Amino acid sequence: MNRRWLPAAALAALISVVGIATQALAQENESLTDQAKTEKIIHDYLLAHPEVIIEAVDNYQKQQEKASAQKQAQALVDRREELLHTPADPVIGNPSGDVTVVEFFDYRCPYCKSVAAAFIDLYDKDGKVRLVLKEFPILGPDSEFAAKAALAAQKQGKYRDLHLAMMTFKGKVTNDDVRRLAAKVGIDVAKLEKDMQDPAILETINRNYALADALGIKGTPAFILGDELVPGAISVEEMQKRIAAVRNKPG
């Protein structure tokens, strides 16, 4: 048997509405001076017509979803420059490309890892895609270590190499894995770990947290193409279609 559980916010809203209705009914009906009688009338009505509760919750959820979508759309406009042109963000592909893809990701996210190499191959073959990578380590301390290492690798011109090495690594990368992979792609690990302490690296990650929060991004991966946010992993074919749609959009 399927059960529909009320989200806490929706339940609170419903209780508030019922409370207001109770007060209004008591005020409008002088004969119902006893609040308990009024509450019983409402209680009995809701038991006899439970569909009213479902309808109220559905309407509440639709209103919340609409408000969230509007907020996200406005944030994509207001934060566009930060999304596309923050100097500290690594860029892969054609820096002058006609389509920009922004990706929020975590090196320990299996969904991110499942599409990373294929997408970068797609961008390389296309030749006109600019990929902006937003380090968004949300899966614990090892994720943050990996993100800091990747950003620090930029100082040795090895961001792409380490990024791909960690993204194609089988399993959840640990701190020791990061060090080993860094050495494997020719990075001076001692210098890397020193560069990871640069406060600017943590500032970049914190800025990405704040930006993700403003956009309503709760998980990884998340992609921004044009004026649309695409949450979750998608296929290479779907990414191709979305790139083409942005490219062919009038204006």
Three semi-axes of the equivalent ellipsoid, region 176-236, Cα gyration tensor, whole Å, largest first: 30, 17, 9
Short version: what are the Cα gyration tensor semi-axes of region 48-171, square root of 5 times each eigenvalue, largest first, in whole Å? 36, 19, 14
Convex hull volume per residue in cubic angstrom - Cα atoms of region 121-204: 108 Å³
For a footprinting-style exposure proxy, rank F104, F145, F169, F119 by other Cβ within 10 Å, fewest first. F169, F145, F119, F104
Computed FRET efficiency, Cβ-Cβ of K125 and E81, R0 25 Å: what is it to the nearest 0.05? 0.30
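No value in this document is a laboratory result; all are computed from the given coordinates. Computed from a predicted structure; not experimentally measured. Note: ideal-geometry Cβ built from the backbone for every residue, glycine included; neighbour counts use all protein chains shown.
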